[in-house]
Structures are given as C-alpha cells and as structure tokens.
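Take a look at the structure below.
The values are calculated or read from the model by the stated rules, or taken from the named source; none is laboratory data. Since the model is a prediction, treat every value here as computed from it, not as a measurement. Cβ atoms come from the backbone with ideal geometry, glycine included; neighbour counts cover every protein chain shown. SASA here: full protein model, heavy atoms, side chains in, ligands and nucleic acids out. Shrake-Rupley method; radii C 1.70, N 1.55, O 1.52, S 1.80 Å.
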Amino acid sequence: MNNNIKKVVVYCGSSNKVSDTYKNQAEELGKTLANYDMDLVFGGGNIGLMGIVSKTMREANREVIGVTTKKIQASEVLNPHVTESIIVNTLRERKAKMDELSDAVIALPGGFGTIDEVDEMIALKQLGEHKKPIVLFSVDGFWDDLVKIYEGIIKEKFAKKDHIDLFTVATNVDEVIDAIHTEQKDNSNENWRM
C-alpha cells in the first residue's frame, strides 16, 4: 500500500435533498478514510454529502480542512466539524488550494462544481502536473454517463487511448481504498500530446 496518502480531497455535493444511498456511502467513506489514518480536504460545506463526510471524519478525530470562498462562506452555515478553515477569493483559488493540500482525489456524487473539480484534476494529470490517484466513486452508477463521455472523447481521438487510465471508477468503498493505494500509470509531460 502507498503510505504517502495522508490527505485526501473529497469532492461531493452539498444538497440535503439527495438519495439516502448517497448519504450512507458518504458516511461509510468518511469512516473508512479515518480507519486508514487519512485526513480530509473538502469544500468546507456543512450540508449534503460534504457535511456528512466532514462530520464522520471529525468524529473519528481526523483532521478536517475546509476550503471555501468568501462569497460561499457568507451564504452557508458555518461547519463546526472543520479543524482548519481556509478562505480564498475565487473558485479557481479554492481548487488550487485543495489540490495543493491533497495526496489523492475522490469524487462522490455531486453537482456542476463537483464535475468541474474532478475534470480539472484529470486534465492536470493528463498534462503531467500531478500523479495523484483520482477515483470516481460511482455510487449507484452515478458517474457512468460521465465515463461514457470520456470514452467518446477517446473514441473520437481527442485524447489518447491510455488517458482512460488517468482515473479509476469505484462502485464501493473497498474499491475506492484499493484504487487510491494502487500505483497509477505515470503520465509525464512527454506523454500527454496526441
């Protein structure tokens, strides 16, 4: 196992209206990451899957680092589970800070922001700017349609065939843990071009 994974960024939704299945898996993920002595980096929200993961990991005495913007902070309820709150000016700065602080990436189900965050990390890995494991936690097949889009991009030769290896799709928590501990293919700057 890769012992270099200390802090994991978890991208996920902040809606309380979602299925209990997503909520239960967010809680299970938080417990499991804590059991593997990992700390959390996330968007700082106190509701939805963000709130569940942060609460679960804090209850397990793990470090919980919330990164948010001034604008979002002004409109959200303060998350009492964070051990450190980092406030930045823009969403771009927020993504950069979460990237800087993390050793691996997990995307639970989420909205437009979650897709933006994980897409940027995949693109940065394609360009050789990081080698972090990226895992799409496809609870109930949530990410299946996005993966089909990626496969279509490759089929139409907008990306290399092996770029599908830039991320792993997991359908349960055990697969998530296996994926972030598996050495992934080195995507150096020389390999990203078509």
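Could you tell me the relative contact order of the stretch 2-116? Use alpha-carbon pairs under 8 Å, at least six residues apart, and round to a whole percent. If you can, show how the numbers build up before the last one.
On the way: 220 pairs, mean separation 40.6, N = 115.
It rounds to 35 percent for the stretch 2-116.
Taking each pair of distinct Cα atoms in the chain once, what is the resulting Kirkwood hydrodynamic radius in Å?
Numbers: mean 1/r = 0.0597 Å⁻¹.
About 16.7 Å for the chain.
If R₀ is 45 angstrom, what is the calculated FRET efficiency for the pair GLU156 and ASN24, using the beta carbon separation as r and rounding to 0.05?
Here the calculated transfer efficiency is 0.75.
Provide the gained length on full extension for the span ILE47 to ASP165, in nm with one decimal, where the gain is 0.36 nm per separating residue minus the Cα-Cα distance.
39.3 nm
For the residue pair ALA123 and LYS17, what label-to-label distance in nm results when each label sits 7 Å from Cα along the Cα-to-beta-carbon direction?
Output for this residue pair reads 2.9 nm.
Please give the per residue accessible area of the stretch 11-112, computed with a probe of 1.4 Å over protein heavy atoms only, in Å². Before the final figure, lay out each step's value.
On the way: 4960 Å² over 102 residues.
Per-residue accessible area for the stretch 11-112 comes out at 49 Å².
Counting only protein heavy atoms and a 1.4 Å probe, tell me what percentage of the chain's accessible area is made up of carbon and sulfur. Intermediate values should be presented prior to the final figure.
Values: 4890 of 10130 Å².
Its accessible area is 48 percent carbon and sulfur atoms.
What is the spin-label model distance, in nm, from ALA96 to ASN35 if the labels are put 7 Å beyond Cα along the C-beta direction?
Simple spin-label model gives 3.8 nm for this pair.
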